[in-house]
Amino acid sequence: MATPTTPSPISARSHTAPDPAPSLTLIAIVAVVITWGFASPLLKYASLSGPALAAYRVWLGAGVLVLFAALGGRRPTMATARWAAPAGLLFGANIMCFVGAVKLTTVANATIIGALQPAIVLLVAGPWFGESVTRREVACVGIAILGVATVIVGSSGVPEWNPAGDALAVLSVLTFTGYFLISKGARRTVGTFDYMTIVHCAAAVVVTPVALLHPGRLATTDRGDIAIVLFFALVSGTLGQVVIGWAQRYIDVSMSSLMLLGVPVVAAVAAWPIVGEALQPLQIIGGLIALIGIGAMVMRPNRRPAEWESAAIESS
């Protein structure tokens, strides 16, 4: 981690092994930004229903984690389950709301609203865990919310816009905040791998019944749909989280947070060729305002807890 007197975007974490090259760490985060950005328009393009896509996401993720746990002879404890089970329920609701938002409203709206996650987490979790929230940060959050409101107003006339989808995006942010609060407390006492294994299994409990009861398409033999499911579950989801978790050990929080704000930008741009969603001028203006507000907030001096990083679209 950079010393107080010599701030550096690259953190020196280990005295026993050399850190990876700075360029490698930055390339890894750029790859995650692109991957997460493309996930949203691809989910909208898929013919499967939102709940079905969410179910495949958590089940495939759970399968991979359970397999590795079995190969390693790991058995999660009841103490881990007490933390992970409620977190998993919120995690499943978060994914389901996010995918539903992408399906119902514009990709730009869903991802810009989702970008508010660090701001909401800061306002709620900061005081909860003893971190002060300054007037400057409150002002930044206000600017970000104003930008999101501008995006919504700008999209209200386009055929792809749906207020129910925007509401699901807001619910996605709120459920993530609850998930984050539990996870931050759990990290003090439980192992991350065992915790995430139970989280995914518990998420399946929430998502599966909704997918089975939803009238939308549940199964498919279309190769494009299958490729999107695998991309969302294993590449964008599981692998993306592993890569960003690794990169966060070697790069400054403020830099990686700012880079991850590129996700809604990539998503909005990619939505045009993939699903034919063109951005309206007011959407672009509002998106820029929102990202500037969030970017100014995450650049707060001396705020360095790595946990804030996970507020950058875990649902992707």
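The table that follows gives values for the structure above.
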item	result
Computed lengthening from Leu230 to Ile285, 0.36 nm per intervening residue step minus Cα-Cα distance	16.4 nm
Kirkwood hydrodynamic radius of region 99-253, Cα pairs, Å	18.1 Å
Cβ charges +1 (Lys, Arg) and -1 (Asp, Glu), total dipole of region 39-135, debye	140 debye
Among 279-289, 75-85, the order from most to least packed when residues are scored by Cβ within 10 Å on average	279-289, 75-85
Length released on extending from Trp128 to Val243, taking residue separation times 0.36 nm less the Cα-Cα span	38.6 nm
Fraction of accessible area attributable to carbon and sulfur, region 15-161 (%, probe 1.4 Å)	73 percent
Length released on extending from Val205 to Leu174, taking residue separation times 0.36 nm less the Cα-Cα span	9.2 nm
Region 29-84: equivalent-ellipsoid semi-axes (sqrt of 5 x gyration tensor eigenvalues, Cα, Å)	29, 16, 11
Amide hydrogen neighbours beyond the local backbone of Ile251, cut-off 5 Å, H modeled	Ser11
Spin-label zone in region 184-204 - amide nitrogen under 17 Å from a point set 7 Å from the Cα of Thr77 along the C-beta vector	185-199
Under 5 Å, built H, 5+ apart or other chain: amide partners of Glu277	Trp272
Residue-normalised accessible area of region 122-198, expressed per residue, 1.4 Å probe, Å²	47 Å²
Peptides ranked, highest mean first, by Cβ atoms within 10 Å: ranges 226-232, 259-265	259-265, 226-232
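The values are calculated or read from the model by the stated rules, or taken from the named source; none is laboratory data. Please read these numbers as outputs of a predicted model, since none were measured by experiment. Neighbour counts are summed over all protein chains in view; Cβ atoms, including those assigned to glycine, are modelled from backbone coordinates with ideal geometry. With ligands, DNA and RNA removed, areas are computed over all heavy atoms of the protein, side chains included. Shrake-Rupley method; radii C 1.70, N 1.55, O 1.52, S 1.80 Å.
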